[in-house]
1. Does residue 211 satisfy being surrounded by fewer than 19 Cβ atoms within 10 Å (Cβ to Cβ), modelled with pLDDT of 95 or more, charged (D, E, K, R) and over 19 Å from the mean Cα position of the chain (by Cα)?
2. Is it the case that residue 30 is in contact with a Leu (Cβ under 9 Å, 6 or more places away or on another chain) and over 18 Å from residue 6 (Cα atoms)?
3. Take the residues of the range 105-135 that are loosely packed, with under 13 Cβ neighbours inside 10 Å and charged (D, E, K, R): which is nearest to residue 154 (Cα to Cα)?
4. What do you reckon, is residue 122 under 28 Å from residue 65 (Cβ atoms) and among the acidic types (Asp, Glu)?
5. Within the range 111-132, can one find any residue that is over 18 Å from residue 22 (Cβ atoms) and acidic (Asp, Glu)?
6. So which of 150, 165, 196, 157 is of a type in the set (A, V, I, L, M, F, W, C), over 15 Å from the mean Cα position of the chain (by Cα), more than 19 Å from residue 95 (Cβ to Cβ) and part of a helix (DSSP H, G or I)?
7. If residue 101 passes every condition in (1) modelled with pLDDT of 95 or more; (2) closer than 24 Å to residue 26 by Cβ but one, which one does it miss?
8. Find all pairs meeting these conditions: Cβ atoms under 7 angstrom apart; at least six residues apart or on different chains; first residue within the range 72-88 and over 16 Å from residue 16 (Cα atoms); second residue of a type in the set (Lys, Arg) and not in a strand (DSSP E or B).
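The values are calculated or read from the model by the stated rules, or taken from the named source; none is laboratory data. As the structure is a computational prediction, the values presented were derived from the model and not from experiment. No Cβ is skipped: glycine too gets one built from the backbone with ideal geometry, and neighbour counts run over all protein chains shown.
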Amino acid sequence: MMKPADLPDMLPVFPLPGALLLPRSRLPLHIFEPRYLQMLDDTLKTPQRLIGMVQPDAGRDGSAKRLHAIGCAGRVTQFSETEDGRYMITLSGMSRFRIRTEIEGFTPYRRCEVSWSGFERDLGRGEQDTGFDRGRFLGLLKRFFAAQQLSTDWDTLTEADDELLINSLSMLLDFDPEDKQALLEAPCLATRRETLVTLIEFALRGGNNEETLQ
C-alpha cells in the first residue's frame, strides 16, 4: 500500500473531460496521442508510476487550458501495447490532490506541482456509508437505467459493497464534466452518494426543476 511519504510533489496530468478516477477505483484508458505516449513512457520509469487525472475547467472564457484545482492520481497497474503502437492501460486510484501551480516547458504533456494535504483518508481503507438505503437507491437506479435504455448485471450491483457501488456508478454514468467534478470533490462517501442521487433524479426529471420523484 502506498504511504503519504511516497507521494511526489510533481505529477504529469491528463486533462480528459468526463473521465473520473476515484481512490480505490480503476479506470481503463486508451493512450494514442504522441504527447501522452511520451507521458506514459516517462511515468513507467518512475517508482510510483502515477498519473494525475484532472478535468479541464473551461470557465467563463471557454479556455481549454484551465484545469480544475482538484484531481485524482492513479497508479499504472496494467498496460498492453497494440500492434500499431497504442497502449491500453489501467489506472488504480490512489489519492486526490490539489494543484498548486503548473510547471512550464520541457515536456509535451502537462505537469503540475501538487499538494496531497486534506486527502490523507484516500490512502486508507475503504469508506462505509452508514446512512445508505440500498433498496431505495437500487429502485431509483433501475428507473434511471430503464429511462436511459441501459443494461447491467443487477446481481453484481446488489452484491457490491457500498464504496464500490457508489464509486463505480460515479465513474461510469454519463454526466457532464462539472457533475463529475462535484462527485470527485465530495468529502466523503455519503456526500458522493447524495450527489449521485441528485444527478440521477435530475436526469429522470428531464433536467427541469420539478420536485424530486419519490
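1. No.
2. no
3. Looking at the filtered set, the residue picked out is 133.
4. Considered against the rule, which asks whether it is under 28 Å from residue 65 (Cβ atoms) and among the acidic types (Asp, Glu), residue 122 comes out as yes.
5. yes
6. 157
7. It is condition (2) that residue 101 fails.
8. Close Cβ pairs satisfying both conditions: 75/49; 76/49.
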